[in-house]
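Structure record follows, encoded as structure tokens.
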Amino acid sequence: MKKSKMNIIAFCGSPRKNGNTELLLNETVRGIEDSGSTAQVFYLNVMNIQACQDCGGCNETGKCIFEDDMDVIYDAIRKADRIILASPIFFFALSAQAKLMIDRCQSFWCEKYLLKKRVEAGKFGRKGLLLLVGGMKKDIGVTSSEACAKAFFRTISIPEHDTLFYLKVDQKGDILQHPTALKDAYEAGKKLAAAD
Ligand SMILES: Cc1cc2nc3c(=O)[nH]c(=O)nc-3n(C[C@H](O)[C@H](O)[C@H](O)COP(=O)(O)O)c2cc1C
């Protein structure tokens, strides 16, 4: 019998190509690939995603009225067994790129809480991973980003997620000097891709 493959997607919320978030995420993807799975990465900065207008268009349907690159993301979120959200901390919060995508998931919120329909899990269940990188040593950005990411994950029916965060990582490529970050991210990828 053919083994069914786990469906894994990732969102990269950094605008910086080959920046710290992307380098960290690459290691998680490598861990996933070494486990025999693949991950589809959405680079949010280069996608056409309009900001939620709070128009109420999704209240009764659970569907957003806009047609843009969120169409492909909505579909991917629905089908995913594992979802990774990777973002730099900007002004004590997730990046605007990540937040644009998250706000547009209000349609999932309406579907879950108003229409009482959740996204059904497949046989692997649904799990998440949050990767955060910040340049400062203050961890307030981690606390607020984590709160937002948790609301996102629960809204899209991801009941549990792990978080890895790294502070005092500021200049492009600084993450490469961190003593454990790349290894942690790789191991987190392996853990995420495990079936149990
Ligand atoms: C607009 C902006 C706001 C930032 N705000 C914070 C912040 O509030 N807290 C923090 O720890 N780092 C902050 N930083 C630093 C970035 O989080 C840091 O440089 C990070 O390594 C960027 O990741 P990247 O290389 O993936 O883009 C900010 C950077 C920018 C550009």
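The values are calculated or read from the model by the stated rules, or taken from the named source; none is laboratory data. Remember, predicted model here, so these are calculated numbers, not experimental data. Cβ sites come from the backbone with ideal geometry, for glycine too, and all protein chains shown count toward neighbours. Note: accessible area is taken over every heavy atom of the protein model, side chains too, but ligands, DNA and RNA are not part of it. Shrake-Rupley method; radii C 1.70, N 1.55, O 1.52, S 1.80 Å.
How long is the gain from SER4 to ASP196 if the chain were fully straight, where each residue apart is worth 0.36 nm and the alpha carbon distance is subtracted?
Answer, rounded to one decimal: 67.7 nm.
Dimensions of region 9-52 along principal axes (Cα, Å, largest first)?
The Cα atoms of region 9-52 stretch 36, 20, 13 Å along the principal axes, largest first.
Taking the Cβ-Cβ separation of PHE91 and GLU187 as r and a Förster radius of 25 Å, what is the calculated FRET efficiency to the nearest 0.05?
So, using R0 = 25 Å, E works out to roughly 0.25.
Cut-off 16 Å, label point 7 angstrom out along Cα-to-Cβ of ASN59: give me the residues of region 105-143 whose amide nitrogen falls inside.
106-116
Over region 1-143, what portion of Cα pair distances is larger than 23 Å, expressed as a whole percent?
Looking at region 1-143, the distances longer than 23 Å represent 40 percent of pairs.
Near the amide H of GLY128, under 5 Å away, which other amide H atoms are found, from residues 5 or more places off or on another chain, if H is placed in the peptide plane?
ILE83, GLU160, HIS161, ASP162
Could you derive backbone 3J(HN,Hα) for region 16-22 from the dihedral phi with the Karplus parameters 6.51, -1.76 and 1.60 (θ = phi - 60°), listing whole Hz in sequence and x where the residue is Gly or Pro?
Result, ordered by residue: 8, 5, 6, x, 5, 4, 5 Hz.
Considering only protein heavy atoms and a 1.4 Å probe, what is the carbon-and-sulfur percentage of the accessible area of the chain?
53
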